[in-house]
Amino acid sequence: MLRFIPLLLLALPLIEIALFILVGRAIGVLPTLGLVILAVVVGGFVLRQQGLGVLNRMRTNMSTGTLPGQTLFDGMLLAVAAVLLIIPGFLGDFIAVLLLLPPVRAWLYKTLTRNVRVVETTASYRHGADPTPPNLKGPGTIDLDGDDWQRK
């Protein structure tokens, strides 16, 4: 499988050029350029909107204590889709539109994480040098009232 990746990387630009020629012949040069510019604008919009949405979902997952695995994966795929929309090419745009569909992202997540198992997670922090809490009522503590100090 890995030996075919260089061939795919060489074939991809040729496929994109062939698709530009086919689309250009079918609808004309100006509509083809309009589609490319529209894809760039939509890609920038998707990157901005979906990126903020993913950050909010990750924040929600972290506050509820659940692992944000699928949220991170969705965010990564949405970023890839946005970049594919920004890069000119109809094959990349087609793949990007597929990645924007939630069922496709869910299927990819299930397929890729089928054999992944989380063994142990931790969300706490312990300082190794001094595990006891500091003594706040000892001789080195200065207790001030609200009128005794001010912030500058």
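The values are calculated or read from the model by the stated rules, or taken from the named source; none is laboratory data. Predicted model, so just to flag it, every value in this text is computed and none were measured. Cβ placement follows ideal geometry from the backbone for every residue including glycine, while neighbour counts extend to all protein chains displayed.
Being out of contact with any helix residue (DSSP H, G or I) (no Cβ under 9 Å at 6 or more places or on another chain), part of a helix (DSSP H, G or I) and β-branched (V, I, T) is true for just one of I37, I15. Which residue is that?
I37
Just to verify a result, which residue in the range 67-103, among those that are on the phi < 0 side of the Ramachandran plot and not in a helix (DSSP H, G or I), is farthest from the chain's Cα centre (by Cα)?
It comes out as P88.
How many residues, within the range 105-131, are exposed (fewer than 10 other Cβ atoms within 10 Å of the Cβ) and modelled with pLDDT of 60 or more?
Selection size over the range 105-131: 12.
Under 6 Å between Cβ atoms, which residue pairs at least 6 apart in sequence (or on different chains) link something in the range 70-82 that is over 18 Å from L38 (Cα atoms) with a partner that is of a type outside the set (S, T, Y) and at pLDDT 85 or above?
Close Cβ pairs satisfying both conditions: D74/R105; L77/L99; L77/R105.
Which one of these is under 14 Å from the mean Cα position of the chain (by Cα) and at pLDDT 80 or above: R3, R57, R48, R25?
That would be R48, the only listed residue that is under 14 Å from the mean Cα position of the chain (by Cα) and at pLDDT 80 or above.
Quick one: what pairs do we get from the range 12-41, first residue free of Cβ contacts under 8 Å to residues at least 40 places away in the same chain and more than 12 Å from G92 (Cβ to Cβ), second surrounded by 12 or more Cβ atoms within 10 Å (Cβ to Cβ) and small (G, A, S), C-beta under 9 Å, 6+ apart or different chains?
Correct list of pairs: I17/G89; P31/G24; T32/G24; L33/G24.
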